[in-house]
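What follows is a set of notes on a single structure, which appears directly below.
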Amino acid sequence: MCVFVDGWFAVTVTALRCMSDAVHLLNMCLQMSMAYNAMRRSGAAEKDGSTSTATRGYLRSKTRFLLDLFIILPVPQIVLWVVAPAMIRNGMTTPVMTVFLISFLSQYLPKVYHSVCFLRRLQNLLGYIFGTIWGGIAVNLTAYFVACHAAGACWYLLGIQRVTKCLERQCMVTSGCRIRTVACADPVYYGTTTSIVDGERMAWTQNLHARSMCLDRSDNFEYGSYKWVVTLVSNPNRLEKILFPIFWGLMTLSTFGTILSTTEWLEITFNIIIVTSALLLVTTLIGNIEVFLHATTSKKQALQSRTRSLDRWMRRRNLPFEIRKRVRQYERQRWAAMRGVDEFEITRRLPEGMRRDIKYHLCLDLVRQVPLFQHMDELVMENICDRVKSLIFPRGETITREGDPVRKMLFVVRGHLQSSRVLRDGVKSYCTLGPGNFIGDELLSWCLRRPSVDRLPPSSSTLVAAEQTEAFGLDAGDLRYVTQHFRHTFVSEKVKRSARYYSSGWRTWAAVAIQLAWWRHRPADGDVLVAHTATLASSSLLVDGREQAETVHGAANITQA
């Protein structure tokens, strides 16, 4: 039957608020320290001879330092522990709710503005606000729930004020009751049992008519949109007092609730603000989530649309089923590797210098894995990275056939390729190429030939993708451009040795030469095993790693043939 401040709940809220202020204070200290370090590195702090110059820009910023300082002012703590108990002690039970509401909004609205400014600075720094799509949806929903909590808090304070008005009216019509009686004897109550020695307060607590009019039911007084607050006034459960205003704010801001109102101007103004905010918040939330979901599904829809278009085109051209299957497999693998992003289309419209820097950053580490390029300087690598193209080959795809013109030089990044070559009498030599190997060394010799020949060299082997393979391709025209402008690099002995060492053609030729020499000078039958082992050991000098066993196995097959 009287108004008080919940002591233990006030302690909890104050501790949480002080922790939040400590984080903001630490942020301010870090910003001033970063500003000072930046000025010291540039030499301005030493030149001026004072450290205050380093933080002058941050301290004079109206939207940064002053705002950061304002939001950590202990206004709610002072109102909760000093102003509110003094007003309750003096019997000012109705105005204390207004003071609470003003102090809450004066700190809540600047915090919202501070968050918006922080997100804008983050967007200017990173180029985006939310790292992932689902993270953006989660942050938007969290912001919506915070808005519901704020609306529920205002509704709860105004509802408590309406209940207090009802108690004051009943006190005024009750003989022997003063307005100060509606205020509790202990303004901050911690749940301890105290005996009432004041007869006036004892009579007020036993006033069943006032209790039934104001606290037991909400139909005996014009509560309007605050009628549900009556059920929370005498509820001792703190968790329910927290959750129910959030539920009211969520239901109201979602426009699912029907707001009843009296003719009081303050309540009508509050309801107008709530309805207008509900329209803006719901529209913004739905719009943001739609944008995030569209960003998630647009790429998949583009893939499905492209696949349907390809299927219709292949059916119209009566392509065989096997070719259709290979096309679909390629599209799926390309989608999985590129995540639906066409890097060439993105970088094509950028300025030349920017495009070169981006491709240099993307391709440098991968191109460095190619042993042929490990002995080249940065200028050559930059020109190569600017001209290479990312390629994907599905499993079983034939890349080149033996005898076809070599149109590009391939550098394997991931996956494996199988190279086959017809030697003599229909005998084939097989070799597996993995990451770090390259194909098309005939094209490199063709570019370095003097005088130059316009006709492209023929391929000496047939290449088939043993698994899904990612590679970089360098077209014949681009390779000729690089070799002509940096000829001194490609004619060096280190590059020549690397090209011969990692060339599949040179390895196959060396293995066959060793085997033919062994056949010409093979020993007696008793020493066949020893001689064969020595021959395989000789051929293993040409290879390393995984290619060693595969080249030796190919040489053994040639020997058996």
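Phi-derived couplings, Karplus 6.51 cos²θ - 1.76 cosθ + 1.60 at θ = phi - 60°, listed residue by residue for segment 158-166: 5, x, 4, 5, 5, 5, 5, 4, 4 Hz, with x used for Gly and Pro.
If R0 equals 41 Å, the separation of the Cβ atoms of Arg449 and Arg395 corresponds to a calculated FRET efficiency of about 0.70. Both radii were evaluated on the Cα set of segment 263-307; the Rg over Rh quotient, with Rh as the Kirkwood radius, amounts to 1.45. Taking a ≥ b ≥ c as the square roots of the eigenvalues of the Cα gyration tensor, segment 147-208 is classed as oblate, since a/c reaches at least 1.5 and a/b does not exceed b/c. Computed over neighbours whose Cβ is under 12 Å from that of Arg317, the net charge equals +3, Lys and Arg +1, Asp and Glu -1. The slack in the chain from Arg414 to Glu352, taken as 0.36 nm per residue of separation less the alpha-carbon distance, amounts to 19.5 nm.
The Cβ shell under 12 Å around Arg326 holds other residues with a net charge of +2, Lys and Arg each +1, Asp and Glu each -1. Across all Cα pairs in segment 68-185, the calculated P(r) in 5 Å bins from zero up to the longest distance comes to 2, 10, 14, 16, 14, 11, 10, 7, 6, 4, 3, 2, 1, 0 percent per bin. Backbone amide hydrogens, once placed in the peptide plane, bring Asp186 within less than 5 Å of nothing, excluding anything fewer than 5 places away on its chain. Note on Asp425 and Leu456: with the Förster distance fixed at 25 Å, the Cβ-Cβ geometry gives a FRET efficiency of about 0.30. Under a 5 Å amide H cut-off, with hydrogens placed 1.01 Å from N, Leu423 pairs with Lys428, Ser429 among residues at least 5 apart or on other chains. With every protein chain in place and a 1.4 angstrom probe, the accessible-area ranking of Asp186, Asp441, largest first, reads Asp186, Asp441. The base-10 log of I(q)/I(0) for segment 171-287, evaluated at q = 0.13 Å⁻¹, reads -0.72 [Debye formula, identical scatterers on Cα atoms, solvent excluded].
Pairs spanning more than 21 Å between alpha-carbon atoms, out of Lys359/Lys494; Lys428/Lys496; Lys408/Lys496; Lys359/Lys389; Lys300/Lys325: Lys359/Lys494; Lys428/Lys496. The order of Tyr189, Tyr113 by accessible area, most exposed first and with a 1.4 Å probe, is Tyr113, Tyr189. In the context of the full protein assembly, Ile179 retains an accessible surface of approximately 70 Å², using a probe radius of 1.4 Å and ignoring ligands and nucleic acids.
Summing +1 for each Lys or Arg and -1 for each Asp or Glu among the other residues whose beta-carbon sits under 9 angstrom from that of Ile392 gives 0. On the basis of the beta-carbon distance and an R0 of 51 Å, Arg315 and Asp377 show a calculated FRET efficiency of 0.45.
Residues whose amide H comes within less than 5 Å of that of His416, counting only those at least five positions distant or on another chain, are Ala466, Glu467 (H built at 1.01 Å from N in the peptide plane). Derived value for segment 395-483: Kirkwood hydrodynamic radius 13.6 Å. Basis is the mean of 1/r over every pair of different alpha-carbon atoms.
What number in nm² do you get for segment 200-354 if you take the convex hull of its Cα atoms and divide its surface by four?
Answer in nm², one decimal: 20.5.
Measuring from centroid to centroid over Cα atoms, what is the spacing of segment 158-232 and segment 367-432 in Å? Cα centres, segment 158-232 to segment 367-432: 87 Å.
Scalar couplings 3J(HN,Hα) for segment 269-279, obtained by applying the Karplus form with A = 6.51, B = -1.76, C = 1.60 to θ = phi - 60°, are 4, 4, 5, 4, 4, 5, 5, 5, 5, 4, 4 Hz; x denotes Gly and Pro. The spacing between segment 60-104 and segment 275-326, judged by their C-alpha centroids, is 51 Å.
The values are calculated or read from the model by the stated rules, or taken from the named source; none is laboratory data. Everything numeric in this text was worked out from a predicted model, so none of it was measured. For neighbour counting, all protein chains shown are included, and Cβ atoms are generated from backbone atoms with ideal geometry for every residue, glycine included. Calculation scope for accessible area: heavy atoms of the full protein, side chains included, ligands and nucleic acids excluded. Shrake-Rupley method; radii C 1.70, N 1.55, O 1.52, S 1.80 Å.
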